[in-house]
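Everything on this sheet refers to the single structure shown next.
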Amino acid sequence: MPAHENTRKICLHNQSFAVGCPLSTLDVPSIAAFTQAGNIRFDFATGESRGSSKGLEASHDLYIDMEGVLLSGKNKKIRTIVSGKKGNAHLTAVGVYLITERVLGLNGKDAVKDGGLYLPETIILPDDLITRLEDFDVDFVEIINEI
């Protein structure tokens, strides 16, 4: 999909808009395999971050928008904003650290014994990941709406 021909407007935390362009990344097939979702799109956009809107240094904000039917049968739209107050490099470094910590068993769990390629979602439980990210000053905001 040509990025410049498939842009879309993304509503940010402060109701301003940014233009997002589709970006090919390994996260897309990984998320598809993990969730079995039939439609996944990863966009890159620049706009006012949660940090800069408060007069602080720019944060790295990841907007995760999901739409579908819950197990309860209700149609919902869920947005989760993952906000790293110290920017992109810090958030990436924390991710690498947490994966390394898990592989080597430095997080109180057994080290990964088998060699091979490990994706973060295959070795770190979501609740553990969220707790550890919060330990590194990463915020999570969740917004749930009816469809």
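Values in this text are rule-based calculations from the coordinates and carry no lab data. Bear in mind that the values here come from a model prediction, so they are computed numbers and not experimental data. Virtual Cβ from ideal backbone geometry, glycine too; neighbours counted across all protein chains shown.
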Residue that is nearest to LEU62 (Cα to Cα) [pool: residues in region 112-140 that are surrounded by fewer than 11 Cβ atoms within 10 Å (Cβ to Cβ) and of a type outside the set (Ser, Thr, Tyr)]: PRO126
Positions within region 10-33 being surrounded by fewer than 13 Cβ atoms within 10 Å (Cβ to Cβ) and closer than 20 Å to TYR118 by Cβ, in sequence order: THR25, LEU26, PRO29, ALA33
Subset of region 29-61 (residues that are of a type in the set (A, V, I, L, M, F, W, C) and under 17 Å from THR7 (Cα atoms)): ILE40, PHE42, PHE44, ALA45
Lone qualifier among VAL69, VAL103 - being surrounded by 13 or more Cβ atoms within 10 Å (Cβ to Cβ) and over 19 Å from SER16 (Cα atoms): VAL103
Search result, residues across region 88-99 that are exposed (fewer than 15 other Cβ atoms within 10 Å of the Cβ) and either in contact (Cβ under 8 Å) with a residue 24 or more places away in the chain or more than 21 Å from PRO22 (Cβ to Cβ) (or both): ASN88, ALA89, ALA93, VAL96, TYR97
